Amino acid sequence: MSIKFLDRTEYTALSEAIPAPDVVVVGAGFAGSVVARELAQRSNKTVLVLEKRPHIGGNTYDHLDASGVLVHDYGPHIFHTESQRVFEYLSRFTEWRDYQHQVVANIHGRYIPVPFNLNSIELSFEQYKAQQMVEKLIDTYGEGSKVPIIELRNQADPLLTQLADYVYENVFLGYTKKQWGLTPEEVDPSVTARVPVLVARDNRYFQDTWQGMPLNGYTALFESLLDHENITVCTDLDACQILTFETGNQNAQSGEDEPFTAILFNDRPFEGEVIYTGPLDELCNNRFGLLPYRSLDFIFKTLPVKHVLPCGTVNYTVSEDYTRITEFTWLTGQELDVTTIMEEYPCSFEALAGQTPYYAIINDENHSHYQRYLALFSGLANFHVVGRLAEYRYYNMDHIVKRALELADELC
Ligand code: FAD
Ligand code: UDP
């Protein structure tokens, strides 16, 4: 079998004639595709997936470039999870390549493992001082612990203060200013805590139990996930064009904050389930203003050598305008005579044509702004938001799959 695809023209021609589906899913990333599959299979519902991009897979979409390298169009994606359910679920749709991601920071021309760990200390300080720092870290936090840089900076001990200052200056400050346009103190503590100081001799970027890359890539995984007789996927179609919302009382005092009372699909009332995985501000014509996001520009380069980097990713923490370079052949394990790398240049999201909102900017003000949008949908029992954009959260792939499975459990 293969996925039932409709393009925009076929959809327009058919939408008048075919019965409305039981479920409409907006977005063919992990959030939308997992819910679509579960409702199609477990509840035997007909599901229409609407995707505005020309392909499935959301931000994990990958394809072979002109040199035969499997590249990730929207940034490097490495799968890692502590959830057995998520790993076993995805294993129904892909085999895995055993891959443990490694990252080094380029600090004034020297490669230092990140997360900054006991090996990094020994590469960065002279032997006696490094040994003292290692002992002090283990005594204070215990071997194997993960210490957020913001927490380490609060230590009064002079040796740990020296270490914290070094890591802050050389690993976090420059990178965070490029990535967010803010200092590490100005971003939510959970953001820098994603990459803590690691009290261990472990050079892997992630310590999760299950890690790897889909053996044939993410797009192939999605082709299998969405391959079900009850699912139709329509690409190149922006759901905002066909999914609209009504408010019951147009003259209400609350005006633009008046919650929606009905969903219209192709201008007709729709009572099936709607799963929305895109940004909420866009769906509401930005009526309360754009939700703040950070975006990225990517530059790909193909070079006639086997490898240019020492490992999957190099972070540029004290120099360059880009934050990091990733070399895809480390991730895929492809043995080729050429290699393709990707540089990431962060920028603010202005909703310009072709720009993608990649990262929600987590703070209280933005959370309230998001909640104002979410409240518009509070009266619609058949409208569900799930996903990194729709929930305005900084979620990894495995979090999203877990949340999508939980929503499906609820709806089945
Ligand atoms: P998305 O993948 O964004 O999918 C949403 C889909 O909805 C998109 O395809 C979009 O086009 C579509 N859509 C939106 N609005 C509409 C509309 N109106 N009509 C139709 N379609 C619409 N996670 C990891 O676990 N490991 C990593 O290494 C990792 N690396 C990352 C690197 C970068 C640069 C970024 C930005 C993220 C990374 N992530 C990583 C996070 C990962 O991308 C997300 O957790 C995951 O892809 C979110 O899935 P989603 O379905 O919620 O969103
Ligand atoms: N970070 C940093 N230096 C690094 C790696 C990460 O300052 O070498 C900070 C930075 O603020 C970044 C955050 O930690 O945005 C989270 O990093 P992660 O690698 O998890 O970001 P992602 O892969 O999600 O872009």
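Before moving on, here are some points about what is shown:
- The chain - mean residue ellipticity at 222 nm from DSSP helices (-39,500 (n - 2.57) per run, n ≥ 4, rounded to 500): -8000 deg cm²/dmol
- Kirkwood Rh, Cα atoms: Rg over Rh of segment 36-81: 1.11
- Each other residue within a Cβ distance under 14 Å of A130 adds +1 if Lys or Arg and -1 if Asp or Glu, for a net charge of 0.
- If you take the Cα centroid of segment 215-289 and the Cα centroid of segment 130-195, the two points sit 41 Å apart.
- The GluC sites (Glu not before Pro) of segment 82-181 that meet both conditions, a loop assignment by DSSP and at most 14 other Cβ atoms within 10 Å of the site Cβ, are E82, E95, E126, E143.
- Here's the thing: no lysines lie within a cross-link span of K177, going by alpha-carbon distance under 16 Å and ignoring same-chain residues fewer than 8 apart.
- Cα gyration tensor category, rounded, prolate or oblate, for segment 128-216 with a/c compared to 1.5: oblate
- Contact order relative to length of the chain, as percent, for alpha carbon pairs under 8 angstrom and 6 or more apart: 26 percent
- Amide hydrogen neighbours beyond the local backbone of F245, cut-off 5 Å, H modeled: L264
- What a 1.4 Å probe finds exposed on the chain is 48% carbon and sulfur by accessible area, rounded to a whole percent.
- A Förster radius of 30 Å, combined with the Cβ-Cβ distance separating K146 from N363, puts the computed FRET efficiency at roughly 0.85.
- The string of couplings for segment 200-217 from the Karplus curve (6.51, -1.76, 1.60, θ = phi - 60°) is 6, 9, 9, 8, 7, 6, 10, 10, 5, 4, 10, 9, x, 10, x, 3, 9, x Hz, one whole number per residue in order, with x for Gly and Pro.
- Among E256, E327, E344, residue whose mean-square fluctuation peaks in a GNM of the chain (springs only between Cα atoms under 10 Å): E256
- 3J(HN,Hα) along segment 333-350: x, 5, 9, 10, 8, 10, 9, 10, 10, 10, 9, 10, 10, x, 7, 7, 8, 10 Hz, from the Karplus curve 6.51 cos²θ - 1.76 cosθ + 1.60 with θ = phi - 60°, whole Hz, x for Gly and Pro.
- Zone of E271's modelled label, taken as backbone nitrogen in segment 390-412 under 20 Å from a point 7 Å along Cα→Cβ: 411-412
- The residues of the chain expose, per residue, 45 Å² of accessible area to a 1.4 Å probe.
- Taking the Cα centre of segment 109-266 as reference, the dipole from Cβ charges on Lys and Arg (+1) and Asp and Glu (-1) amounts to some 840 debye.
- Here's the list of aspartates and glutamates a cross-link from K301 could span, going by alpha-carbon distance under 18 Å and ignoring same-chain residues fewer than 8 apart: D62, D65, D73, E320, D321, E327, E335, D337, E343, E344.
- Under 13 Å from the Cα of K52 - aspartates and glutamates, other chains or at least 8 residues apart: D7, D236, D238, E282
- Anisotropy class of segment 220-310 from Cα gyration tensor, a/c 1.5 cut: oblate
- Cut-off 17 Å (backbone N to label point 7 Å along Cα→Cβ of R110), residues of segment 313-331: 315-319
The values are calculated or read from the model by the stated rules, or taken from the named source; none is laboratory data. These numbers come from a predicted model, not from an experiment. Backbone-built Cβ (ideal geometry, glycine too); neighbour counts: all protein chains shown. What goes into the accessible areas is simple: the full protein's heavy atoms, side chains included, and nothing from ligands, DNA or RNA. Shrake-Rupley method; radii C 1.70, N 1.55, O 1.52, S 1.80 Å.
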